[in-house]
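All remarks here apply to the structure that follows.
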Amino acid sequence: MLTGRTAELEDLKGYYGKAGSCLLILYGQKYIGKTAVLREFTRGKPCHYHMARACSGNEHLLALKDLEKQAGNPGKDKAVVIVEEFQRMVRMGEAVTEALFALPQAAGEQGVMVVLTSSCIRWVENAMVSRIGNAARGISGVFKLKELGFFHLREYFPDYGVRQCMEVYAMLGGVAGWWECFDRRLSVKENVCRNILAKTGRLHEAPEYLMAEELRELSVYNTILAALAAGKEKLNDLYRHTGFSRAKLSVYLGNLIGMNLVEKVFSYECPDAGGTKDGAKKGLYRICNDYVKFYYTYLYGGADRLFQMSPERYYNTYILPDRDRYMQDAFRRVCMQHMERCAGEGRLPLQPERMGSWFGKKGSIDIVVQDTQGHTLLARCMASRMGMAYTDYRKLLETAQDAGLRTDYIWLYAELFDERIVWEAEGKESLTLVDIRKL
């Protein structure tokens with residue numbers, strides 16, 4: 001079941017329909033769904049597939065000769081040649097690289113479509129062009145496969161309720177390959193115990209495997225990721241916690257950012273705001289890959305406890321009580337995606353020009369939306385099953401004042417609302433309550 005990749009498939013069809021040969025680069029993190037997209041795209045088309053292994057240059061050249069022969073045999077329809085993890089070939093030197101990028105020339109007038117894939121995001125974005133040299137001129141297009149959104153996950157798990165889907169999204173994010181590891185017939189808890197907590201689980205060590213090919217010194221990266229998962233978000237906090245120099249931390253954080261595992265978070269800035277910039281947090285680093293965050297929050301430092309406990313007991317003791325708190329950041333992103341959908345359908349009271357979050361020293365605002373005239377919509381997102389208290393609403397108003405942000409419109413997302421919020425919303429068109437169970 002391929003979910004949420006219509007645009008990518010249409011792009012591939014567009015290149016396939018052009019006369020002659022073409023060469024495309026398709027990249028994205030492991031498990032993101034590159035192979036699934038290509039499998040769907042090549043359905044009913046002549047296709048030649050090769051997975052580039054870690055082997056000698058001669059082995060790569062032999063494999064490329066076979067692909068060249070296959071591509072050179074004209075058939076009724078244009079053939080597609082796929083080479084997965086092509087960076088392993090490029091790293092073996094100029095001869096292999098030249099043979100790889102010469103594949104489009106193997107076909108006759110009918111042409112061939114060559115698709116090279118890679119899971120090494122940092123390498124593709126920062127080193128590929130310099131490594132392949134003049135061969136880069138032969139690239140027809142480059143596509144990055146990004147994570148899917150929450151509403152795609154809802155389509156994939158049709159029998160789960162909204163809250164169950166949010167739990168899965170908070171754990172696995174938008175990586176379809178990780179969704180496939182969950183059995184849709186089982187509950188979220190059963191899937192976590194079977195596929196994550198159990199030592200034989202398909203996802204038990206996936207994050208460390210994710211980093212193994214691109215990164216050396218995994219001990220350093222493990223230390224940094226564990227510190228980030230524990231809430232050490234500023235460079236100075238990481239310095240004190242890890243003992244690594246700030247210069248070293250900056251380099252390693254840059255590598256993690258290049259792999260889309262960590263992001264540097266910037267607080268929303270409104271140039272016309274009357275508040276002081278001193279109230280905003282600056283220079284925050286956070287894990288942006290949801291399963292990596294889940295792994296380093298609950299599994300990386302808990303191996304000794306997990307060894308002595310059953311997966312079910314471990315889940316009930318350490319994960320279940322912390323579930324609502326842990327879900328909060330993912331829930332904020334779900335609400336932001338809902339707002340973007342509403343904007344696209346014309347259901348927001350303004351046309352967004354900018355959208356972000358404000359991170360303050362005294363409080364934060366989950367979502368800030370502004371139009372070109374400076375009209376502002378603020379949102380508070382409450383993942384807790386206990387719902388939203390009136391004090392939460394008042395805190396949003398106080399934080400907005402500290403940040404110097406207008407409150408033209410306010411949207412509140414929660415499962416339940418304090419009666420005073422409901423009464424106030426009945427008399428205010430500018431205050432909208434969104435029941436998350438109906439997302």
Quiz prompt | Surface/4 of the Cα convex hull for segment 353-407, nm² | solution = 3.9 nm²
Practice problem: Would you mind calculating the relative contact order of segment 157-235 from Cα pairs under 8 angstrom and at least 6 residues apart, reporting the percent as a whole number? | Solution: 16 percent
Exercise. Please give, to one decimal in nm, the separation of the simple spin-label points placed at Ala102 and Glu59, each 7 Å out from Cα toward the Cβ.
Key: 2.2 nm
Quiz item: Leaving out ligands, DNA and RNA, what percent of the accessible area of segment 238-385 is carbon and sulfur, probe 1.4 Å?
Solution: 49 percent
Quiz prompt | Accessible area per residue, Å², the chain with all protein chains present, probe 1.4 Å | solution = 48 Å²
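Let me have the 222 nm mean residue ellipticity of the chain computed from DSSP H runs of 4+ only, each contributing -39500 (n - 2.57), with the sum over all residues rounded to the nearest 500.
That comes out to -11500 deg cm²/dmol.
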Quiz item: Where the accessible area of segment 1-134 is counted over protein heavy atoms with a 1.4 Å probe, how much of it, in %, is carbon and sulfur?
Solution: 48 percent
Quiz item: Taking 0.36 nm per intervening residue step and subtracting the Cα-Cα distance, what contour gain separates Thr432 from Lys395 on full extension?
Solution: 11.7 nm
Practice problem: May I ask you to order 211-217, 311-317 by the average number of other C-beta atoms within 10 Å around their residues, highest value first? | Solution: 311-317, 211-217
Exercise. Could you pull out every one of the lysines with an alpha carbon less than 21 Å from that of Lys146, ignoring same-chain neighbours closer than 8 positions?
Key: Lys13, Lys30, Lys34, Lys264, Lys293
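Using r as the Cβ-Cβ distance of Leu218 and Arg137, and R0 as 35 Å, what FRET efficiency do you calculate, to the nearest 0.05? Display every interim value, and only then the final one.
Values: r = 36 Å, r/R0 = 1.04.
Between Leu218 and Arg137 the formula returns 0.45.
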Practice problem: Determine which aspartates and glutamates satisfy two conditions relative to Lys395: a Cα distance under 17 Å, and not lying fewer than 8 residues away in the same chain. | Solution: Asp366, Asp408, Asp418, Glu419, Glu424
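Report the gain in length on full extension from His241 to Phe151: 0.36 nm times residue separation, minus Cα-Cα distance, nm rounded to one decimal.
Working: separation 90, 0.36 × 90 = 32.40 nm, distance 3.74 nm.
Length difference between fully extended and current span is 28.7 nm.
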Quiz item: Which of the peptides 381-387, 344-350 is most tightly packed, and how do the rest follow, judged by the mean count of other Cβ atoms within 10 Å per residue?
Solution: 381-387, 344-350
Quiz item: What order, most packed first, do the peptides 363-372, 172-181 have when packing is the mean number of other Cβ atoms within 10 Å of each residue?
Solution: 172-181, 363-372
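Tell me, in nm to one decimal, what length is gained between Arg43 and Ala19 on full extension, where the rule is 0.36 nm per residue of separation less the Cα-Cα distance?
Numbers: separation 24, 0.36 × 24 = 8.64 nm, distance 1.99 nm.
Contour length minus the Cα-Cα distance gives 6.7 nm.
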Self-check item: Principal semi-axes in Å for the chain [√(5λ), Cα gyration tensor, largest first]
Solution: 42, 26, 23
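For a Förster distance of 30 Å, can you work out the FRET efficiency between the beta-carbons of Tyr209 and Asn73, rounded to the nearest 0.05?
Numbers: r = 37 Å, r/R0 = 1.23.
For R0 = 30 Å, the calculated efficiency reads 0.20.
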Quiz item: Quick one: Cα convex hull volume of segment 244-393, Å³ per residue?
Solution: 176 Å³
Exercise. Go ahead and run the numbers for FRET between Ala7 and Glu180, Cβ-Cβ distance against an R0 of 25 Å, rounding to 0.05.
Key: 0.75
Self-check item: Viscosity 1.002 mPa s, temperature 20 °C, Stokes-Einstein D of segment 33-97 from Kirkwood C-alpha radius, µm²/s
Solution: 168 µm²/s
Quiz prompt | Selection from Met259, Ser187, Ala176 lying farthest towards where the dipole of segment 173-313 points positive, charges on Cβ | solution = Ser187
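The values are calculated or read from the model by the stated rules, or taken from the named source; none is laboratory data. All values reported here derive from a predicted model rather than from experimental measurement. Reconstructed Cβ throughout: ideal geometry from the backbone, glycine too, with neighbour counts over all protein chains shown. Calculation scope for accessible area: heavy atoms of the full protein, side chains included, ligands and nucleic acids excluded. Shrake-Rupley method; radii C 1.70, N 1.55, O 1.52, S 1.80 Å.
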